[in-house]
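Input: a single structure, listed below in structure tokens.
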Amino acid sequence: MDRVLSGQLQPHQRCDPKTLAQEPGVTRTGFYPRRNADGSVRPGPYQHLAREFQRRLAALQQAGTIADPRGAQIERLKHEVDQLGAHLARQESVINQLTEFKQRAVSQLAAQHAEIEHLRSASLGPTAVVRSVPTPHRPRL
């Protein structure tokens with residue numbers, strides 16, 4: 001019982017009556033009451049051990065000690081899932097903000113482009129003459 005409660009378990013085991021029964025090689029049914037043929041109830045041969053195990057396990061849990069390494073791993077993973085969920089929510093918020101910014105920027109660019117096109121067409125009427133602006137000639141080296 002001490003070994004199971006201290007967390008010295010095989011990877012597939014848990015801190016429970018089933019593992020407690022496996023250690024000495026007894027059946028788990030010995031931890032529970034039995035019924036006689038007449039319907040009366042008699043205690044199982046190891047029922048007192050099961051009660052003691054449950055009492056000590058509850059005391060450890062109240063003290064904040066997790067005797068089951070799987071239980072500790074589950075708690076750690078739950079905490080990690082919570083942190084990852086919060087991180088994901090923050091990332092989704094940033095993505096939404098950036099998407100809105102992109103939509104506004106594209107709309108503004110489209111409006112500016114339309115304005116430029118309008119101004120070009122207004123200044124280039126049917127009688128407008130377009131001339132090239134001469135550029136200074138630079139000698140090649």
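All of the numbers you see were taken from the coordinates with simple rules; none came from a lab. Values in this document were obtained by computation on a predicted structure and should not be read as measured data. FYI the Cβ positions are ideal-geometry reconstructions off the backbone, even for glycines, and counts take in every protein chain you see.
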One finds, for Tyr32 and Gln8 with R0 = 30 angstrom and r their Cβ-Cβ distance, a FRET efficiency to the nearest 0.05 of 0.75
Run the quick spin-label model on Ala72 and His87: label points 7 Å from Cα toward the beta carbon, then report their separation in nm to one decimal.
2.3
Run the paramagnetic zone check for Glu117: 7 angstrom along Cα to Cβ, then residues of segment 79-111 with backbone nitrogen under 19 Å.
104-111
Divide by every residue of the chain the summed helix terms, -39500 (n - 2.57) for each DSSP H run of at least 4, and state the resulting mean residue ellipticity at 222 nm, rounded to the nearest 500 deg cm²/dmol.
-20000 deg cm²/dmol
Looking at segment 69-120, what % of the alpha carbon pairs are farther apart than 19 Å?
59
Nitroxide proxy distance, nm - points 7 Å out along Cα→Cβ at Leu109 and Gln62:
6.7
Entry for log10 I(q)/I(0) by the Debye sum over Cα atoms at q = 0.11 Å⁻¹ (calculated from the structure that is shown) out of (i) -0.54; (ii) -0.74; (iii) -0.34:
(ii)
If you average 1/r over all unlike Cα pairs in segment 1-67 and invert the result, what Kirkwood radius do you get in angstrom?
12.8
